[in-house]
Amino acid sequence: MAKPVKETKKSWFQIYVVDALSYMAMGLFCSLILGLIISQIAKIPGLDFLAEIARLLQLDLVVGGSIGLAIALGLKRDPLVTISAVAVGALGYSLGGEWGDVSGNPIGAYLATLVGVNAGSLVSKRTPVDIIITPLVAVVAGGVFAKYCCVPLGEWVMMLGNVIDSATKQEPFIMGVIISVSVGCILTLPISSAALCISIGISGLAAGAATAGCCAQMIGFAVLSF
């Protein structure tokens, strides 16, 4: 008789980096990235009515709220905590400072959501007025963290992206190889390569190298599977 397989507890890294970043990428795809795609489609004659939809999808509150909701769903939190994560994500995205040419900060939404949902989970279903206490604790904790902590952290992450962009401009061939191979390798890991690239805000040649690495890896997967 076969022994039942024991369920292993996920590590801190698996929960808050692998899972949370993967779901953060889903939130970005369903808001900001989708808005950018639709904005390009709206340039086709006769489809200009989509421009307003594209604009709304790229609003700070929509993008931040989508990231917060996606992360809370991925972490499988209680309903009130999950719903509160929409507001926390929006606060983190809006208060987390600027991200390149965009007014919001996805890293701010990611970090504030983690703080908010964990704070909310500590009090969830523990009081007779849960509908007030849980969202209050989650939103206040996440909002305060976003206001006072996310800006310096976001600036540090953006500085890393700027260093990569500058190095790529100076040594396009060498850095292009390094970035494309690195992102291609990350693509095979549970960590979301899209979330990482978007978070550090790489652009220009560096973004092109990352795209080339992803494409090469996907072609390799297709050939191997065939």
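The values are calculated or read from the model by the stated rules, or taken from the named source; none is laboratory data. On a predicted model such as this, the values are computed, not experimentally measured, just so you know. Positions of Cβ are backbone-derived with ideal geometry, glycine not excepted, and every protein chain shown enters the neighbour counts. Note: areas computed on protein heavy atoms with side chains; ligands, DNA, RNA excluded. Shrake-Rupley method; radii C 1.70, N 1.55, O 1.52, S 1.80 Å.
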With +1 on the Cβ of every Lys and Arg and -1 on the Cβ of every Asp and Glu, and nothing else charged, how large is the dipole of the stretch 37-106 about its Cα centre, in debye rounded to the nearest 20?
220 debye
Taking a crude spin-label model, label points 7 Å out from Cα along the C-beta direction, the Leu189 to Asn118 distance in nm is 2.0 nm
Can you tell me which of Ile44, Ile83, Ile186 moves the most in a GNM of the chain? Springs connect C-alpha atoms under 10 Å apart.
Ile44
Row for the stretch 170-226, column shape: gyration tensor on C-alpha, a ≥ b ≥ c, rounded if a/c < 1.5 i.e. under 1.5, prolate if a/b over b/c, else oblate; value oblate
Percent carbon-and-sulfur accessible area, the chain, ignoring ligands, DNA and RNA, probe 1.4 Å
73 percent
Relative to the longest principal axis of the C-alpha atoms of the chain, give the angle of the C-alpha long axis of helix 204-225, reported between 0 and 90° and rounded to the nearest 10°.
90 degrees
To the nearest 20 Debye, how big is the dipole of the chain about its Cα centre, given +1 on the beta carbon of each Lys and Arg and -1 on that of each Asp and Glu?
800 debye
Note the full-extension length gain between Ile131 and Ile37 as 0.36 nm times their separation in residues minus their Cα-Cα distance, in nm to one decimal.
30.1 nm
Only helical DSSP H runs with n ≥ 4 go in: add -39500 (n - 2.57) per run for the chain, normalise by residue count and round the 222 nm mean residue ellipticity to 500 deg cm²/dmol.
-23000 deg cm²/dmol
Would you mind working out the magnitude of the charge dipole of the stretch 55-181 relative to its Cα centre, with +1 at each Lys and Arg C-beta and -1 at each Asp and Glu C-beta, to the nearest 20 Debye?
460 debye
Between rounded, prolate and oblate, where does the stretch 103-226 land on the alpha carbon gyration tensor, with a ≥ b ≥ c its root eigenvalues, rounded for a/c under 1.5, else prolate if a/b exceeds b/c?
oblate
Please give the helix 130-148 orientation as an angle from the longest Cα principal axis of the chain, in degrees from 0 to 90, rounded to the nearest 10.
40 degrees
Once the dipole of the chain is set up from charges on Cβ (+1 Lys and Arg, -1 Asp and Glu), the residue from the list Pro45, Ile219, Ser22 lying farthest towards its positive end is Ser22
Send over a whole-number figure in Å² for the accessible area per residue of the chain, probe 1.4 Å.
57 Å²
Less than 19 Å apart at the alpha-carbon level, and either on another chain or at least 8 residues along: which aspartates and glutamates does that give for Lys10?
Asp19, Asp78
Taking the Cα centre of the stretch 50-132 as the origin and placing charges on Cβ (Lys, Arg +1; Asp, Glu -1), which of Gly92, Ala119, Asn105 is farthest toward the positive end of the dipole?
Ala119
